[in-house]
Amino acid sequence: MEEKVKILAFVGAGALLGSAATLAISKLLSDPLPPINNQCVGKGYTSEAVKSNGLPGSKCNGLATPNPLTDEVVSEQLTRNIQFFGLEAQQKVTASYVVVIGLGGVGSHAASMLLRSGVGRLLLVDFDQVSVSSLNRHAVATREDVGTSKALCLKKHFQSIFPECHIDAKVILYDSSSEEEILSGYPDFVLDCIDNIDTKVALLAACVRRGLKVLSATGAGARADPTRIRVADLRESTNDPLSRAVRHRLRKDHGIDGGIPVVFSLEKPKAKLLPFKGPSGEEENPSDYQIVPGFRVRIIPVLGTIPAIFGQVMASYVATQLAGLQVHMEPVVNFDTDHYEILHQRLIEHEELLYGTSMQVEFFLASIMEHIFIPAFSLLKVDVEEVVYIAKELWHGRGARDLSIKDVGRAMWRSVNELMLVRWDKTKSASVSNLILLRFKEADEHESRSLEDIKEEEPDFFVRVTTVLKRAELEFGF
């Protein structure tokens, strides 16, 4: 009985705290405002009503309109986001304009969660229609929506979820003739959820040319492992035929060699495109049935959960970017346990050679330390697990001086042959917050210089390294 009373007390306390937070936000945003003009959610907008609440606003064609967050219902709907991001950061999200192109399994889920995250203006673009077979992966479509355009389908459902969002839906194909219509208006982010190579390459090249932030989705079909989905530079995407083709075309046709973030899976596809069969049931040339030249007619098997997760990952990435929240995505590092053990062993040997000490690395020796005096500098308090963190999380499997993404896939796997961990500051002991990854020649040069020399001669490099090591210091509580 006492246990049940305790549980009820905890539940009641949680509900009370949630209500208190909601009331506090509502009180902060309780000033009465005129109706919202949704035509003007976007960049740079400022209104007196928003200023009176101390919130940044946005501007559209010189017109001032109220901030949606000052509406009591909107602030309640976005309470959890406001609690997570903070009020000013959420305002940045709500004042943003995002374009989503391609509204299938990936794009519909990305758009849906951006809407639910409070993005104030969305442009939804797709020339295709909802089909019965797409219902296994679409975010909101029902059987009643089959045969309607994907763009208008999303707009209809979205208006009942977050009516304060200004939603445009365009039932058109993205190409050079529609580029201006789709990409004008200075969107804060463009989401490429297209599965056609020609269109995808054209869109990404246009975004780079216009200086627009873009996030691209690669192949989500024929995969089943959600734990292997990553966000990284296009140059780092592996095991994906679509991204491989896009990389080649961007480099060859547009001179673009990376610099575009993509969502991709490290998992190799579990299936291939199915053969195309015509009305007779016989295999036929799929190009004879293309409605739009260059678009795939053959079908790739899709487990609906994976494109949905791709879309969720895209929405999360964009929402945090819009809010100004720094999130360290898990880097793509093609090392295995043996590689980290090699780096650990090299560190031990290097410390012994340089400082003339026999380094003890196993933590079980700590009890012996209580009875034997050993100078603090001679103890290496870094185990293999921490080497994994240093090499993977901090330095992404690359030397601290490697600004460009050169070694990916097997090339990264081989690069460990010329990498080692060394102290950043020689006057301090080797630790998570004082080790950097360098190539052998770079390590020798580093050991011959002082930090003051590096700071004076290479200020950018000095700041970059100290910033990374400060992150380790904070995360490990030093």
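Of SER134, SER149, SER117, all but one fail to be open to solvent by less than 20 Å² (accessible area, probe 1.4 Å), of a type outside the set (A, V, I, L, M), more than 24 Å from LEU322 (Cβ to Cβ) and in contact (Cβ under 8 Å) with a residue 24 or more places away in the chain; the exception is SER134.
Filtering LEU103, LEU124 for residues that are at pLDDT 95 or above, part of a strand (DSSP E or B) and within 25 Å of ALA206 (Cα to Cα) leaves a single hit, LEU124.
So, restricting to strands (runs of 3 or more DSSP E) that lie completely within segment 190-269, which ones have at least 2 residues that are over 18 Å from TYR174 (Cβ atoms), touching a residue at least 24 places away in the same chain (Cβ under 8 Å) and of a type outside the set (Ser, Thr, Tyr)?
Values: elements: 214-217, 229-233, 261-265.
Of the strands (runs of 3 or more DSSP E) lying wholly inside segment 190-269, those with at least 2 residues that are over 18 Å from TYR174 (Cβ atoms), touching a residue at least 24 places away in the same chain (Cβ under 8 Å) and of a type outside the set (Ser, Thr, Tyr) span 229-233, 261-265.
Considering only residues in segment 73-91 that are open to solvent by 30 Å² or more (accessible area, probe 1.4 Å) and of a type outside the set (S, T, N, Q), the one that is farthest from GLN326 (Cα to Cα) turns out to be VAL73.
Taking (1) part of a loop (DSSP other than H, G, I, E, B); (2) at pLDDT 70 or above in turn, GLU442 satisfies each apart from (1). No other residue among SER184, SER160, SER178, SER108 is under 23 Å from LEU242 (Cβ atoms), surrounded by fewer than 21 Cβ atoms within 10 Å (Cβ to Cβ) and polar (S, T, N, Q) apart from SER178.
Just wondering, is there one or more residues in segment 323-335 that are assigned to a helix (DSSP H, G or I) and closer than 21 Å to SER237 by Cα? There is no residue in segment 323-335 that is assigned to a helix (DSSP H, G or I) and closer than 21 Å to SER237 by Cα. Among the residues of segment 156-172, those identified as farther than 19 Å from CYS193 by Cβ, part of a loop (DSSP other than H, G, I, E, B) and in contact (Cβ under 8 Å) with a residue 12 or more places away in the chain are PHE162, GLU164. Testing SER75 on (1) under 25 Å from the mean Cα position of the chain (by Cα); (2) farther than 25 Å from GLY221 by Cα; (3) of a type outside the set (Val, Ile, Thr); (4) in a helix (DSSP H, G or I), one condition comes back false. Which one is that? It is condition (1) that SER75 fails. Listed by first and then second residue, the pairs with beta-carbon distance under 7 Å, at least 6 apart or on different chains, first residue in segment 317-330 and farther than 15 Å from GLU88 by Cα, second among the hydroxyl-bearing types (Ser, Thr, Tyr), are VAL327/THR320. Residues being farther than 30 Å from GLU72 by Cβ, small (Gly, Ala, Ser) and assigned to a helix (DSSP H, G or I) are entirely absent from segment 173-181.
Say whether the condition of being among the aliphatic types (A, V, I, L, M) and open to solvent by 50 Å² or more (accessible area, probe 1.4 Å) is met by at least one residue in segment 460-478. Scanning segment 460-478 turns up at least one residue that is among the aliphatic types (A, V, I, L, M) and open to solvent by 50 Å² or more (accessible area, probe 1.4 Å).
The values are calculated or read from the model by the stated rules, or taken from the named source; none is laboratory data. Owing to the predicted nature of the structure, the values given are computational and were not obtained by experimental measurement. Every residue, glycine as well, gets a Cβ built from its backbone with ideal geometry; the counts of neighbours run over all protein chains shown. What goes into the accessible areas is simple: the full protein's heavy atoms, side chains included, and nothing from ligands, DNA or RNA. Shrake-Rupley method; radii C 1.70, N 1.55, O 1.52, S 1.80 Å.
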